[in-house]
Amino acid sequence: QVHLVESGGALVQAGGSLRLSCTGSGRALRHYALGWFRQAPGKGREFVALITWNGGDTSYSDSVKDRFIIARDNDQNTMYLQMNNLNPNDTAVYYCAARLGYAMGSSDEYGDWGQGTQVTVSA
């Protein structure tokens, strides 16, 4: 089991940028595909972006495509989410999660959830 901790959430104005980090412990993250998910107030958790074990393939939800970039540094046991051109609809708690194995799989196969980091975008 891997333990994941998110950081980097903040209050930002619309049009601004943030970079979230997800750091793992307990096991090396190179054994996992990783993903970012978010949960807005009053809504269910939704997929944001996924990345394979070596960063060779990525997947994004339509709502963040062309604005967000998922990346990872296995030497640092860390994954990132660069978020650009933020808008109020991006306000949510952002979570990272892992899927044991090299393939990306489907978003419902992810677990070992972190505690989340709050991102708030003001208009």
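The values are calculated or read from the model by the stated rules, or taken from the named source; none is laboratory data. Because the structure is predicted, anything quoted here is derived from the model rather than measured. Backbone-built Cβ (ideal geometry, glycine too); neighbour counts: all protein chains shown. What goes into the accessible areas is simple: the full protein's heavy atoms, side chains included, and nothing from ligands, DNA or RNA. Shrake-Rupley method; radii C 1.70, N 1.55, O 1.52, S 1.80 Å.
Please report the net charge: other residues with Cβ closer than 12 Å to the Cβ of Asn85, K and R +1, D and E -1. Please list the in-between numbers first.
Details: positive: Lys65, Arg67; negative: Asp66, Asp90.
Around Asn85, the charge tally is 0.
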Cα centroid separation - segment 69-87 against segment 9-37, whole Å: 5
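In percent, what relative contact order does the chain have, based on Cα pairs under 8 Å that are 6 or more apart in sequence? Write out the running numbers ahead of the final one.
Numbers: 323 pairs, mean separation 45.4, N = 123.
Answer for the chain is 37 percent.
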Name all residues of segment 51-80 having a backbone nitrogen under 18 Å from the label point set 7 Å from the Cα of Asn89 along its Cα→Cβ direction, giving them as ranges. 60-69
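Quick one: with all protein chains in place, what share of the accessible area of segment 60-123 is carbon or sulfur, to the nearest percent (1.4 Å probe)?
Working: 1420 of 3150 Å².
Looking at segment 60-123 in its full context, I get 45 percent from C and S.
Subtracting the Cα-Cα distance from 0.36 nm times the residue separation, let me have the gained length for Glu46 to Leu100 in nm, one decimal. Present the calculation step by step, with values, prior to reporting the outcome.
Working: separation 54, 0.36 × 54 = 19.44 nm, distance 1.97 nm.
Roughly 17.5 nm would be gained on extension.
Grab the beta carbon distance between Gln118 and His31, set R0 = 35 Å, and tell me the FRET efficiency rounded to 0.05.
Efficiency, rounded to the nearest 0.05: 0.75.
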Accessible surface, the chain, averaged per residue in Å² (probe 1.4 Å): 49
